[in-house]
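First comes the structure, then the notes that go with it.
The values are calculated or read from the model by the stated rules, or taken from the named source; none is laboratory data. Remember, it's a predicted structure, so these values are computed and weren't measured experimentally. A quick note on method: Cβ atoms are made from the backbone with ideal geometry, for glycine too, and the neighbour counts reach across all protein chains shown.
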Amino acid sequence: MEPGLKQQRSTMSAMSPSPELDPARIVQDAEAAVEKINQARTDIARVIFGQEDVVERTLVTILSGGHGLLVGVPGLAKTKLVDTLGTVLGLNARRIQFTPDLMPSDILGAEVMEQAADGSRAFRFIPGPVFSQLLMADEINRASPRTQSALLQAMQEYHVTVAGHPHDLPRPFHVLATQNPLEQEGTYPLPEAQLDRFLMQIDVHYPDLEAERRILLETTGASEAKPRTVIQPEELQAFQQLVRRMPVGESVVEAILRLVRSARPAESGGDDDITRLIAWGPGPRASQALMLTVRARALVEGRLSPSIDDVLALAEPVLQHRMALTFSARADGHSIRDVIARVKARIG
C-alpha cells in the first residue's frame, strides 16, 4: 500500500458510509488503482524520456475523463506519447493528420449506397477514425473551422450525427490534440469556446541533457523498448469513476473557487494590477476541471484526497487556454503565465 494511503485510512474510516462513497471501498479501490497506475507510468517511462510532467498531466486528463491539448514544437515525442498511452491503457488508438482540405466526413465517416445481390439498394454507414477510444488530432489548428467543429462537437457530446442518424462513440473516448506554437501561417486558431472543451493545455518542452542523452543511446540502436498493455478499458473507466468518488476537503474547494474567480477581471478582489491585464477569464467549466484534475493528480501520486498544492500545480494547464489578456497587457510584454502566477500567489 502507498504511504499516503496508509496515513489517510484512519481519516476515511471516520466518515459516515454511503452506498457509493463507502470509505473502506474507496480505500480498497484506490490501492488497486494506484498499483496499476504506477505500473503504467513505469512502462511509459521505458519509452518516453524526460517528459515526466507531460506524462503525468496527460494521465490526469484521461483519468479525469477529459481531452487534452498538447502544445509543443515538432520532434518532442507527442505522437509517440499518444501511441504509447494507447498501448499501455489498452485503448484503440487512431491518428488524424489535420490539413486545410480535411472534411468533416473524413473524421466522422459517411453513408454510402450499396447494392445487394438481389439488386436492392441501401445506405451503409462507414465509421470514420473518430470511432476510436484514443484519438490523436495532429495539428488540429490546420483544419478549417467547419472540420474543427465536427470533432469538437463529438468531443462534447460523445456521439456524431451523419445523414440525420446518430451514432454513439465508443467509451472511453479521449482526444489528444496537438498544436505547433511557432508555425502559425496557414492555420485556423481554435475559438475560445472550443478551446474550453479541452480539460487541460499541456505544454511540451525540450528534454533536459540527461534525458536527451538517453534518447540518443536507447532509440538509435538495433532495438527499442516496447510498451505493454497494463490497464484494460473497463479498468480505466472504473478508475475514472473512482476519481469522482474521492473526497475533497473544504479548503481545497475554497482554493479552487478563489483561484478561478480571481482570474476574472470583474472579480479580482479590487486588485487593479490584475484587472487591467485580463480581457476575459475562465468560466465555471474551469472550476469543474480543477475539481476533477486535482483528485486525479492525488490518485496518480498515491493519495486519497487532493491538497491545495494540487490546485496550484494544475492552475496553469487548466486556466491558460481559458483566459485572454488585454491589448495593453500584451503590448507591455505580459503573458498569461505571469497573470496566473500572480493569481496563484494570492491563493498559496
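Structure notes:
- Residue within segment 56-74 that is over 16 Å from the mean Cα position of the chain (by Cα) and at pLDDT below 95 present: yes
- Filtering segment 80-116 to residues that are surrounded by fewer than 17 Cβ atoms within 10 Å (Cβ to Cβ), among the polar types (S, T, N, Q) and not in a loop (DSSP other than H, G, I, E, B) leaves GLN97, SER105, GLN115.
- Residue that is farthest from the chain's Cα centre (by Cα), among those in segment 128-166 that are in a strand (DSSP E or B), modelled with pLDDT of 90 or more and crowded, with 16+ Cβ neighbours inside 10 Å: VAL160
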